[in-house]
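Bear in mind that the values in this text are calculations on the coordinates, not laboratory data. Since the structure is predicted, the reported quantities are computational estimates derived from the model, not experimental observations. Methodologically, a virtual Cβ is constructed for each residue, glycine included, from the backbone with ideal geometry; neighbour enumeration extends over all protein chains shown.
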Amino acid sequence: MNVNLFGCAFIYKGRIGLSYSASGIDFEAENGFEAVLTSDKCGELGDAEIHYPRYALFCDGEQVKDLCLTTEQEMLVREDKGKHSYRLLKLSESADSTMFVEFATIGGKKVSVEYEWWPEKDSISNKNDEAHNDDDMLSGNKPEKIAARYVKYKRKPGRRLIEYIGDSITCGYGVEGKLSLEDHYTTATENCSKAYAWLSAGL
């Protein structure tokens, strides 16, 4: 199994990090998956509110979840039968906390993630083969490996690239809020997929 990182997704201490808006991962899984979602504390602002990151989950191209984390760590569980393609997308901006993704199981089997940079082949190396607990080794239940890697962008002839350099409005700040003085900003009203940069890219 391969996990493809896009946008400004990054790898930090064995976990996949999603900080900037529209960062995310694409992957396929058979019979569901379990992943631990963790938020850092940079969303704790001066108003004493913690603005946890907002994310969306797509299954076979259809959005099936749109949530803000409500605690610093939560489990994302899918029990879909058969093989499906998934996309996990961070909807809120980096100023209001980074979100980390760590896979626990795929299809009910434990997994360990390896990270590859611009792989030339689909094969998975053993360069990051970490030790697992003795119970797993003795029972033959050694976690299966999955590869998380960046997909190298191949520019098509005649195709122009546009880089957006903006602010919170570019990230969809308050795009789902109300026009009211009482309605102050939260990550729950921010959605980068409804902002002009994402829409014009045709993603």
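Below are the figures for this structure:
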item: Interchain or long-range residues, amide H under 5 Å from VAL3's placed H; result: ALA147, ALA148, ARG149
item: LYS109-TYR196 FRET efficiency (beta carbon distance; Förster radius 45 Å; 0.05 resolution); result: 0.60
item: ASP80 long-range amide H proximity, modeled H, under 5 Å; result: GLY32, PHE33
item: Long-range amide H partners of SER23 with built H, under 5 Å; result: CYS8, LYS90
item: Out-of-range pairs (alpha-carbon distance over 24 Å; input LYS65/LYS194; LYS13/LYS65; LYS110/LYS194; LYS83/LYS156; LYS13/LYS109; LYS13/LYS145); result: LYS13/LYS65; LYS110/LYS194; LYS83/LYS156
